[in-house]
Structures are given as C-alpha cells and as structure tokens.
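Engineer: One structure, pasted below without further comment.
Read the figures in this text as sums done on the coordinates, not as results from a lab. Fair warning: this is a prediction, and the values are worked out from it, not measured in the lab. Please note: Cβ atoms are built from the backbone with ideal geometry, for glycine as well, and neighbour counts cover all protein chains shown.
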Amino acid sequence: MQLKLTLMSDGWCEQLEHIAISGGKFQNIRFSSMFALIEHPTLGPILFDTGYTQRFFAETERFPARLYRMVTPVQLLASGGAVTQLQARGIRPEAVKHIIISHFHADHVGGLCDFPNAQFHCSQVGFAAVEKLRGWRALRQAFLRGLLPSDFVQRAAFVEDAPVKSLSASYKPFLDGFDLFGDGSVLAIPLPGHATGQIGIIFNAAGGQEYLLAADACWLSRQYRDALMPHGVVRLLVDWSAYRDTLKQLHHLHQNHPSLRILPTHCAEIWNLAP
Ligand SMILES: [Zn+2]
C-alpha cells in the first residue's frame, strides 16, 4: 500500500553542531521541529508527531520548565502549528483519527491537544517512563505534562500491543515491526536511547519509495551514515549505550538498504528527500 507523505514544521531551535555530532563545528545549526502528514487511502490523514505549537511557551512560563526554553530558545513559524497547517490543506482537525508519537519530548507532542478525535499510537514503555514525572525530573526528560490531553490514557494505543510483522531481509538488522493499523501499511520499530521507548516508522510512499521516519535516533543524517555519536556531554540526557546500539543498527540498515530514505526529525537534509 502506498501512502502520501508530506513533511511539515512549525518552528525550530538552535544547537551547536559540536554537541550534535562528535567532531562537529562550533557553530549553531537549526533544528526544525519536523512532523509528518501521512495520507492513508482508507484511514485518512495520519500525523507522525506534532511539533511545538504556542503551548510550548505557556508550558515553559514558570521555573523549572522555563529553563527548557532558555537552554533551547524556540522560534515558531508564522504558518502556525500542525492544526493550522492541516486546515490550510483542507484537513479538519476532527478528521485526524491517528497520531503516531515517536517519543514524549515537547517538540514532538506540542500539538496533541488540537486533535480531539485522534487515537495516540505510542510506546507503553516510553509513556511509563514519563507519565509520573514532575518538576525537575520532568524537565530533565524534556517532558511538559500540560502538552498531553487530559484523556490521553483513554486514547492511547500502545504499539507493543499491535501485531508483529516481519520485515524483508533488506531491513536487517531490523527483523520485524509493529503493524500499527493491521494492514501492513505502517510498521513501528523501536529506536531507544535518545528517549526511553522511542519509535520510528517504516512505510512505502507514492512511487514505491520506502521511508523510515527515525525521530531523534540521531540528530543529523551524517550520524547514521558514518556511525558518529554526539558529543559526550549528551550522555547526561540520554541512555548512551542504547543510543549507540540504535545508531549502529541504523548505520547497518543504511548499508544494507541504501535506497531507503532515513529521515531523522531535526536534520536539514530531510527537506530535500521528501515532499
Ligand atoms: Zn527528542
């Protein structure tokens, strides 16, 4: 089944390239808050993540959350958040029945509250790792609880409960994925490290082009191409050993399947690889 992919963003923050990739330059690079619209022939519009939205500022008004925006100053685009950008394409918020959440960092879940009919496909392990966090502990995980709708739990569909489907040999070392909609159209694969329970998704888009939306498994495409870790200071924020294992897997996947387009959320190169 072929899906229509459109990449969007509602803003960005900046970070030193030197932090994002070992050996990187001492200059700031822009990290766009990419989210993806995936149009499915029978399920309609599906979102992969949802960007920041204005709620990011409301939720980081007070300390300690305010440190979040001080450390990564955020700029939002005039084109508005996911809900506004979808409406500009003629897609009503009520029409979005499925949102896939790669992980619970604020730049991925900012728009969840705008889609009242959406089921949230996320990792149970990932949700369990953040759901009880408050104050400093939440800040350390870049988690802003107010970005989740109050009925989040009732609307959550955990990816671990989806049927497991084998991947073709070209996807080695990944052997299988969670078949999110039971029709083989979108398979979720675990990409832990950057965040506990982080997932990416694999699907075929128009023309048969295969994609892996890799979330923040790495920040830059050079990382999976050349197996390059971030600066060691990032150890403070991530599970370093799981990050390394996931990055190695992506590196091998890229070598085995070079025509697969691997799109890390924040890498500037992805805007040339997808519509
Ligand atoms: Zn993240």
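Engineer: How much length, in nm to one decimal, is gained on full extension between residue 206 and residue 95, taken as 0.36 nm per residue of separation minus their Cα-Cα distance? Write out the running numbers ahead of the final one.
Structural biologist: Values: separation 111, 0.36 × 111 = 39.96 nm, distance 2.15 nm.
That pair, residue 206 and residue 95, stretches by 37.8 nm at full extension.
Engineer: Suppose the chain between residue 30 and residue 165 were pulled fully straight at 0.36 nm per residue; how much longer would it get relative to their current alpha carbon spacing?
Structural biologist: Stretched out fully, the residue 30 to residue 165 stretch lengthens by 45.0 nm.
Engineer: Continuing with this model, one more query. Could you give each residue of the stretch 265-272 its phi-based ³J(HN,Hα) in whole Hz, using Karplus coefficients 6.51, -1.76, 1.60 with θ = phi - 60°, and x for Gly or Pro?
Structural biologist: 3, 9, 7, 5, 5, 5, 6, 8
Engineer: Going by average Cβ density within 10 Å per residue, which order do the peptides 182-189, 21-28 take, highest to lowest?
Structural biologist: Numbers: 182-189: 19.1, 21-28: 13.2.
Put in order of decreasing packing, that is 182-189, 21-28.
Engineer: Can you give the % of DSSP beta bridges in the chain that are antiparallel, to the nearest 5? Before the final figure, lay out the partial values.
Structural biologist: On the way: 32 of 46 bridges.
If we restrict to bridges inside the chain, about 70 percent are antiparallel.
Engineer: A further question follows. Using only alpha carbon pairs under 8 Å that are at least six residues apart, calculate the relative contact order of the chain and give it in whole percent. Numbers along the way, then the final one.
Structural biologist: Values: 609 pairs, mean separation 54.2, N = 275.
Computed over the chain, the figure is 20 percent.
Engineer: Also: Could you bin all the Cα-Cα distances of the stretch 230-275 into 10 Å bins starting at 0 and give me the percent of pairs in each, rounded to whole numbers?
Structural biologist: 23, 43, 31, 4
Engineer: How many percent of DSSP beta bridges within the stretch 98-239 run antiparallel, rounded to 5? Write out the running numbers ahead of the final one.
Structural biologist: Details: 13 of 19 bridges.
Restricted to the stretch 98-239, the bridges split so that about 70 percent are antiparallel.
Engineer: Right, another one. Report, as a whole number in µm² per second, the diffusion coefficient that Stokes-Einstein gives for the stretch 26-180 at 37 °C and 0.692 mPa s using the Kirkwood radius over alpha carbon pairs. Please report the intermediate quantities before stating the final value.
Structural biologist: Details: Rh = 16.8 Å.
Translational D for this selection: 196 µm²/s.
Engineer: Between residue 239 and residue 252, what length in nm is gained on full extension when 0.36 nm per residue of separation is reduced by their alpha carbon distance? Present the calculation step by step, with values, prior to reporting the outcome.
Structural biologist: Numbers: separation 13, 0.36 × 13 = 4.68 nm, distance 2.01 nm.
Separation in residues times 0.36 nm, less the Cα-Cα distance, equals 2.7 nm.
Engineer: Over the stretch 1-137, what relative contact order in percent results from Cα pairs under 8 Å that are six or more residues apart?
Structural biologist: On the way: 249 pairs, mean separation 33.2, N = 137.
Computed over the stretch 1-137, the figure is 24 percent.
Engineer: For the chain, what is the mean residue ellipticity at 222 nm derived from helices alone (per DSSP H run of n ≥ 4: -39500 (n - 2.57); sum divided by total residues; nearest 500 deg cm²/dmol)? The partial results should precede the final answer.
Structural biologist: Values: 10 runs with 66 residues, N = 275.
It comes out at -6000 deg cm²/dmol, rounded to the nearest 500.
Engineer: From the backbone phi of the stretch 121-130, what are the Karplus-calculated ³J(HN,Hα) couplings (6.51 cos²θ - 1.76 cosθ + 1.60, θ = phi - 60°) in whole Hz, Gly and Pro given as x?
Structural biologist: Result, ordered by residue: 8, 8, 7, 5, 4, x, 5, 4, 6, 10 Hz.
Engineer: Arrange the following residues from fewest to most other Cβ atoms within 10 Å of their Cβ: 8, 229, 1.
Structural biologist: So the residues, fewest neighbours to most, are 1, 229, 8.
Engineer: Between residue 98 and residues 5 or more places away or on another chain, which pairs have amide H atoms under 5 Å apart, with H built 1.01 Å from N, and which residues are they?
Structural biologist: Here the answer is 47, 119, since their amide H atoms fall under 5 Å of that of residue 98.
Engineer: Amide H of residue 156 versus every other amide H placed in the peptide plane: which residues, excluding those fewer than 5 positions away on the same chain, fall under 5 Å?
Structural biologist: Here the answer is 120, since their amide H atoms fall under 5 Å of that of residue 156.
Engineer: Per residue of the stretch 247-256, in order, report the coupling 6.51 cos²θ - 1.76 cosθ + 1.60 (Karplus, θ = phi - 60°) as ³J(HN,Hα) in whole Hz, putting x for Gly and Pro.
Structural biologist: Rounded to whole hertz, the list is 5, 4, 4, 5, 4, 5, 4, 4, 5, 6.
Engineer: A further question follows. Quickly work out the residue 72-to-residue 6 label distance, labels modelled 7 Å from Cα along the C-beta direction, and quote it in nm with one decimal.
Structural biologist: In this crude spin-label approximation the distance works out to 2.6 nm.
Engineer: Still on this model: Which distance in nm do the two modelled labels at residue 87 and residue 155 give, with both placed 7 Å along the Cα-to-Cβ direction?
Structural biologist: 1.6
Engineer: Sticking with this one: If the convex hull of the alpha-carbon atoms of the chain is projected onto planes in all directions, what is the mean projected area in square nanometres? Walk me through the intermediate numbers first.
Structural biologist: Details: hull surface 52.9 nm².
Projected area, direction-averaged: 13.2 nm².
Engineer: If you take the square roots of the eigenvalues of the alpha-carbon gyration tensor of the stretch 138-220 and sort them as a ≥ b ≥ c, do you get rounded (a/c under 1.5), prolate (a/b over b/c) or oblate?
Structural biologist: Details: a/c = 2.08, a/b = 1.52, b/c = 1.37.
Verdict is prolate for the stretch 138-220.
Engineer: What residues have an amide H closer than 5 Å to that of residue 3, excluding those fewer than 5 places away on the same chain, when H is modeled at 1.01 Å from N in the peptide plane?
Structural biologist: Under 5 Å from the amide H of residue 3 lie the amide H atoms of 204, 205, 206, each far enough along the sequence or on another chain.
Engineer: Antiparallel DSSP bridges in the stretch 1-132: what percent, to the nearest 5?
Structural biologist: Working: 19 of 25 bridges.
If I count the DSSP bridges inside the stretch 1-132, around 75 percent turn out antiparallel.
Engineer: Using every alpha carbon pair in the stretch 174-270, what percent of pairs falls into each 5 Å bin from 0 up to the bin containing the largest distance?
Structural biologist: Whole-percent P(r) values from 0 Å outward: 3, 14, 24, 27, 18, 9, 4, 1, 0.
Engineer: Can I ask one more? What are the principal axis extents of the Cα atoms in the stretch 24-92, in Å, biggest first?
Structural biologist: Between the extreme Cα coordinates on each principal axis of the stretch 24-92 lie 44, 33, 20 Å.
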